[in-house]
Amino acid sequence: GENVEQHPSTLSVQEGDSAVIKCTYSDSASNYFPWYKQELGKRPQLIIDIRSNVGEKKDQRIAVTLNKTAKHFSLHITETQPEDSAVYFCAARGPSQGNLIFGKGTKLSVKP
Amino acid sequence: GAVVSQHPSRVICKSGTSVKIECRSLDFQATTMFWYRQFPKQSLMLMATSNEGSKATYEQGVEKDKFLINHASLTLSTLTVTSAHPEDSSFYICSAPIQGNTEAFFGQGTRLTVV
């Protein structure tokens, strides 16, 4: 089955700097890759997603890139703010599956 | 947008008792519901998949007799933790896909504490 690896597990940046989180997946048939932000005790919130027919997608300060050949995708947050501090999860889903396979998460801390 | 309503949000129960968690799809029909468990500082791990009108499928290592799943209608799926133990204390969250929509819709989650 699908396996998703996520790095780093923790990331600390200064306010205004950029943050990059990377994920790799194992199933070349996976075609949907969302990123979630989760605050303590709350449900994951979708912040951006990308499908396998696109190499890059951007939404204001957030961007996701996908390299299908290498089977990895990355989340880029620019001009980080303290409110960006949270745990971020990447996930992958194949065409025949309905469930998402999640990475282990990255705890992002943005220091003012 | 689509909403999945999950209750209760928090529950404390004694060891040996059972707890039922409900997830309802409010404005769409959920033929499938995914149940995840999240231990502190860990990721979401799929426990089981419920399908309306058929038996749930469980992931390896998840006891089907302990975690009873019922998907009685197209808008309701329940997870019952039977004979709860302190090690069952966790954050349980459901998620429903919508046909033709790639996004997964999550319930609010249930924080279960077994004392």
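The values are calculated or read from the model by the stated rules, or taken from the named source; none is laboratory data. None of these values were measured; they are calculated from a predicted model. Cβ atoms come from the backbone with ideal geometry, glycine included; neighbour counts cover every protein chain shown. SASA here: full protein model, heavy atoms, side chains in, ligands and nucleic acids out. Shrake-Rupley method; radii C 1.70, N 1.55, O 1.52, S 1.80 Å.
For this structure, a couple of remarks:
- A:VAL64 vs. criteria outside any loop (DSSP other than H, G, I, E, B) and farther than 19 Å from B:LEU44 by Cα: yes
- Considered as a group, the residues in region A:77-112 that are surrounded by fewer than 17 Cβ atoms within 10 Å (Cβ to Cβ) and in a strand (DSSP E or B) include one that is nearest to the other protein chains (Cβ to nearest Cβ), and that residue is A:LYS107.
- Hey, A:SER52 among the small types (Gly, Ala, Ser), within 14 Å of chain B (Cβ to nearest Cβ) and open to solvent by less than 40 Å² (accessible area, probe 1.4 Å) or not: yes
- Candidate set: region B:70-90, residues that are buried (at least 21 other Cβ atoms within 10 Å of the Cβ) and among the hydrophobic types (A, V, I, L, M, F, W, C); chosen: the one farthest from the chain's Cα centre (by Cα): B:ALA84
- A:THR69 being within 10 Å of the chain's Cα centre (by Cα), more than 14 Å from chain B (Cβ to nearest Cβ), farther than 25 Å from B:GLN6 by Cβ and surrounded by fewer than 20 Cβ atoms within 10 Å (Cβ to Cβ): no
- Residue among B:LYS41, B:LYS55, B:LYS14 that alone is over 14 Å from the mean Cα position of the chain (by Cα) and either acidic (Asp, Glu) or at pLDDT 95 or above (or both): B:LYS14
- Residues that are facing another protein chain (nearest Cβ under 10 Å), at negative phi and open to solvent by less than 30 Å² (accessible area, probe 1.4 Å), drawn from region B:106-115: B:PHE106, B:GLY107
- Every residue from region A:32-47 that is within 11 Å of another protein chain (Cβ to nearest Cβ) and buried (at least 18 other Cβ atoms within 10 Å of the Cβ): A:TYR32, A:PHE33, A:PRO34, A:TYR36, A:GLN38, A:ARG43, A:PRO44
- Taken over region B:35-60, the residue count meeting the criterion of being open to solvent by 80 Å² or more (accessible area, probe 1.4 Å) and within 11 Å of another protein chain (Cβ to nearest Cβ) is 5.
- Among residues of region B:34-62 that are over 19 Å from B:PRO86 (Cα atoms), those with a Cβ under 7 angstrom from a residue that is hydrophobic (A, V, I, L, M, F, W, C) and in a loop (DSSP other than H, G, I, E, B), sequence gap 6+ or separate chain, pair up as B:ALA48/B:VAL62; B:GLU52/B:LEU74.
- Note on region A:1-31: residues that are more than 25 Å from B:SER95 (Cα to Cα) and either open to solvent by less than 80 Å² (accessible area, probe 1.4 Å) or part of a loop (DSSP other than H, G, I, E, B) (or both) total 10.
- Sub-7 Å Cβ pairs linking a first residue in region B:83-96 that is within 14 Å of chain A (Cβ to nearest Cβ) and closer than 14 Å to B:ILE12 by Cβ to a second residue that is in a loop (DSSP other than H, G, I, E, B) and open to solvent by 10 Å² or more (accessible area, probe 1.4 Å), at least 6 apart or interchain, are B:SER90/B:PHE39, ordered by first then second residue.
- Tabulated pairs, region A:69-94, first at pLDDT below 95, second in a helix (DSSP H, G or I), C-beta under 7 angstrom, 6+ apart or interchain: none
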